[in-house]
Structure formats: C-alpha cells, structure tokens
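Encoded as structure tokens, the structure appears first; notes follow it.
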Amino acid sequence: MDPICPSCGGTLRRLPEDQWPEGGPVPEGTVEMYLCERTNHRIIVAVPEISA
C-alpha cells in the first residue's frame with residue numbers, strides 16, 4: 001500500500017537522502033522525507049524531541 005498525503009490524498013513518493021533540499025528546511029532528527037506526486041507537498045518524518 002502506497003503512503004497517502006494527509007493534506008490532499010495524493011500518492012507520496014519517498015525521497016532518498018541525497019535528494020533532500022541542501023539549504024532548505026530539513027529539521028534536525030529527520031529520518032524520512034516524502035514528496036506528494038499530486039501537489040508537491042513535502043512530508044517530513046522526524047524523531048520527536050521530548051523535553052521535561
């Protein structure tokens with residue numbers, strides 16, 4: 001089953017790390033990035049930071 005964009009329902013394509021934007025907003029802790037094939041939404045999967 002292909003991952004689905006939570007914003008528009010389009011199909012998400014996983015981007016390999018070498019295709020992540022170099023100067024763009026890639027938060028620390030990012031483990032995966034997806035690009036929506038319908039609308040170019042970018043979905044970032046990161047490890048959450050926990051502070052107490």
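Observations
- For region 39-51, filtering for residues that are out of contact with any strand residue (DSSP E or B) (no Cβ under 7 Å at 6 or more places or on another chain) and under 19 Å from residue 5 (Cα atoms) leaves 3.
- If you go through region 1-38 and keep only what is at positive phi and in contact with a strand residue (DSSP E or B) (Cβ under 7 Å, 6 or more places away or on another chain), you end up with just 29.
- Residues of the chain satisfying the condition of being over 12 Å from the mean Cα position of the chain (by Cα) and of a type in the set (Lys, Arg): 38
Throughout, read-outs are computed from the coordinates displayed, never taken from laboratory work. The structure displayed is predicted, hence computed values, not measured ones. With ideal geometry, Cβ positions are generated from the backbone for all residues, glycine too; neighbour counts draw on all protein chains shown.
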